[in-house]
Amino acid sequence: MIIGIEMVFDAFKDGIDAVLHPDKVARESKTVGEALLWYYKFSVIPLVLLLIVALGAGFALNSVALRLGLTSGLLGGSLLAAAVAAVLVYVWGLLPLGLLIYAVVLDWVGNALKTFKNNYSDTLVAVIYGTFAPLSVLWLSVLPVIGGLIQLVALIWSLYVVVVILANKNRSTRTEALVTVVAGGILTWIIVAILAQFVLTGIFGLTLGPLVGAGATLARFGSGAP
């Protein structure tokens, strides 16, 4: 147990050091599995901090709501549990999946533009480094306005981190890395938009198709038509 906690703290400390000094990140390679494991170990501390802050804010708001008669304790607790569950699904499920997909697109763009010389795992490592800044201040997102501004600054800095590390790993210029990152982001957005369109079209087709058919049948019976 102590070894596990120590590993988590070491991963978080190394991640923060990489965020603050991306130009000093070593060029040793990690496998896809090692990169993902590092991401999960790093995310533990921000999630624990977020849980602590969310519980404190939740209890405070729930106490006020109870005094005003606006909600019940059970409802307040359910909403807090749902919010925490949603964050866990995002950080430990959706975000890693998105990183894997974005790294594939980014690596393809980098090779097409001949700005990348290393393999996919190196691209994934750089992308994962880029998530550490927003993740490290995730617990501050509970704060209104200020939390959002901090997240915005962290996102901008994360772009810089990814560009610097990609340039170092591929021995290319930062301008080339930036162009590749932007092009990869645009292409990923287009792919996601197309996939979302297909999914939504399929959902509406499966939902509305039977309803339209049933409505037409009822109308036919109502008019006495054969």
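The values are calculated or read from the model by the stated rules, or taken from the named source; none is laboratory data. Since we're looking at a predicted model, the values are computed, not measured. Reconstructed Cβ throughout: ideal geometry from the backbone, glycine too, with neighbour counts over all protein chains shown. These area figures cover heavy atoms from the full protein model, side chains too; ligands, DNA and RNA do not enter into them. Shrake-Rupley method; radii C 1.70, N 1.55, O 1.52, S 1.80 Å.
Residues that are assigned to a loop (DSSP other than H, G, I, E, B), hydrophobic (A, V, I, L, M, F, W, C) and either over 17 Å from Val84 (Cα atoms) or modelled with pLDDT under 90 (or both) within region 129-166 comprise Leu143, Val145, listed in sequence order. Taken over region 105-128, the criterion of being part of a helix (DSSP H, G or I) and among the polar types (S, T, N, Q) is satisfied by Asn111, Ser121, Thr123. Does Lys24 meet the test of being open to solvent by 90 Å² or more (accessible area, probe 1.4 Å), more than 21 Å from Tyr90 (Cα to Cα) and modelled with pLDDT of 70 or more? When the stated conditions are applied, Lys24 passes them.
Among the residues making up region 152-184, those that are surrounded by 17 or more Cβ atoms within 10 Å (Cβ to Cβ), free of Cβ contacts under 8 Å to residues at least 24 places away in the same chain and over 13 Å from Val125 (Cα atoms) are Ala154, Leu178. Against the definition (farther than 21 Å from Ala18 by Cβ, assigned to a helix (DSSP H, G or I), at pLDDT below 90 and open to solvent by 60 Å² or more (accessible area, probe 1.4 Å)), how does Leu61 come out, yes or no? Yes; evaluated as a whole, the condition is true for this residue.
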